[in-house]
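Undergrad: First the structure, then my questions, so here it is.
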Amino acid sequence: MDEFLAGIEQLAFVRGLKASFVAYPIVNALHIMSIGALLTSVMLMDFRIIGAFRSLPRAAFVALLRRTALGAFAGALVTGALLFSVRARGYAAMPIFLAKMTLILLAGVNFLVFMRRARGGDEPAGGAVTILAVLSLVLWTSVLFAGRFIGFLN
Amino acid sequence: MQSPFNGVWSVALTAAVMLAAGTAAYAHHGWSWTQDGFFELRGKITAIYIGNPHATLDVDAEGEAWRVEMAPPSRTIAAGFTEEVAKVGDEVTAIGNRSLDEQEKRMKAVRVIVGGKTYDVYPDRVPPA
């Protein structure tokens, strides 16, 4: 594992990113942009599922935000991997980084469970679905906070 | 009817969150987390990282493991301090400001001396000659 991570650090483009004056801040900004879009779409989606903004059609609103969230997550994944790559061994050894990855995994499992339940159409808000939405809010907010703390605990 | 205060509240909340986030970032990247007086650390280099988001040295000083933070890589490299000029095991003297929390073995260097050579990573902040 250590060798694999050291190998990532030695890749030519990773070495370039590590010493770059312009590229790294741009990747950093794009990561923040992706996270902003992800958190916003996830929160609006979860609030709608819990029962807010009732004037908006639930199925269409949730579908749009889910697409936005998945796109934003893809962006966060790519930019996050790049930020990780410059100091892969260092980040991989940080408990707060591992905590963030675990939280993302849990949020992903929560999403899959939700999708299984929601299959079959437009079930009304309430019960298990509400609990899953609240869980999603808590998990994604925790991911954000854990991520920010990576910068302060290394 | 929607309360006009909803808008005001959301703006206030957004501002508070941004302020909190900004303050935290400042504490890390600036100097507000360090003491005012200069601090000197001598020891052996145990790890060198010259890269984004900022360059660091790990230093063993009489058995204590210190983290020495330097400038962002562009600035550190411009000061002449690259991965070629120092290696693990070298004696190093770091001059700068240590953390306000003295339990924390962490400092931000303005000047690094390795192999008899002086590298001013923050030339505008070095102690007067």
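Undergrad: What is the one condition in (1) outside any loop (DSSP other than H, G, I, E, B); (2) within 12 Å of the chain's Cα centre (by Cα); (3) more than 17 Å from B:R125 (Cβ to Cβ); (4) modelled with pLDDT of 85 or more that B:G96 does not satisfy?
TA: Every listed condition holds for B:G96 apart from (3).
Undergrad: Looking at the range A:66-95 only, could you name the residues that are part of a loop (DSSP other than H, G, I, E, B) and in contact (Cβ under 8 Å) with a residue 40 or more places away in the chain? Reasoning before the result, please.
TA: Residues of the range A:66-95 that are part of a loop (DSSP other than H, G, I, E, B), as a first pass: A:86-87, A:93-94.
A:V86, A:R87, A:M94 - these are the residues of the range A:66-95 that are part of a loop (DSSP other than H, G, I, E, B) and in contact (Cβ under 8 Å) with a residue 40 or more places away in the chain.
Undergrad: Would you tally the residues in the range B:34-57 being more than 20 Å from B:R125 (Cα to Cα), facing another protein chain (nearest Cβ under 10 Å) and assigned to a strand (DSSP E or B)?
TA: Qualifying residue count for the region: 2.
Undergrad: Same structure, new question: Would you check which residues across the range A:126-145 are more than 14 Å from chain B (Cβ to nearest Cβ) and among the hydrophobic types (A, V, I, L, M, F, W, C) and list them? Reasoning before the result, please.
TA: Filtering the range A:126-145 down to residues more than 14 Å from chain B (Cβ to nearest Cβ) leaves A:126-140, A:142-143.
Listed by number, the residues that qualify are A:A128, A:V129, A:I131, A:L132, A:A133, A:V134, A:L135, A:L137, A:V138, A:L139, A:W140, A:V143.
Undergrad: Sort out which residues of the range A:75-96 are out of contact with any Leu (no Cβ under 6 Å at 6 or more places or on another chain) and within 14 Å of chain B (Cβ to nearest Cβ), and write them in order of number.
TA: Listed by number, the residues that qualify are A:G80, A:L82, A:L83, A:F84, A:S85, A:R87, A:G90, A:Y91, A:A93, A:M94.
Undergrad: If you don't mind, there's one more thing I want to ask. Look at B:A71 and say whether it is modelled with pLDDT under 95 and at the interface with chain A (Cβ under 10 Å from one of its Cβ atoms).
TA: Values: modelled with pLDDT under 95: yes; at the interface with chain A (Cβ under 10 Å from one of its Cβ atoms): no.
No, not satisfied.
Undergrad: Shifting gears a bit: Go over the candidates A:G151, A:G127 one by one and state the one that is farther than 26 Å from A:H31 by Cα and either free of Cβ contacts under 8 Å to residues at least 12 places away in the same chain or in contact with a His (Cβ under 9 Å, 6 or more places away or on another chain) (or both). Spell out how you get there, then give the answer.
TA: Numbers: A:G151 fails: farther than 26 Å from A:H31 by Cα.
After applying the criteria, what remains is A:G127.
Undergrad: Check A:L44, A:L112, A:L83 and return the single one that is over 12 Å from the mean Cα position of the chain (by Cα) and under 30 Å from B:H54 (Cβ atoms). First the steps, then the outcome.
TA: Details: A:L44 fails: under 30 Å from B:H54 (Cβ atoms); A:L112 fails: under 30 Å from B:H54 (Cβ atoms).
Going through A:L44, A:L112, A:L83 in turn, just one is over 12 Å from the mean Cα position of the chain (by Cα) and under 30 Å from B:H54 (Cβ atoms): A:L83.
The values are calculated or read from the model by the stated rules, or taken from the named source; none is laboratory data. Nothing here was measured: the structure is a model prediction, and the numbers come from that model. Cβ sites come from the backbone with ideal geometry, for glycine too, and all protein chains shown count toward neighbours.
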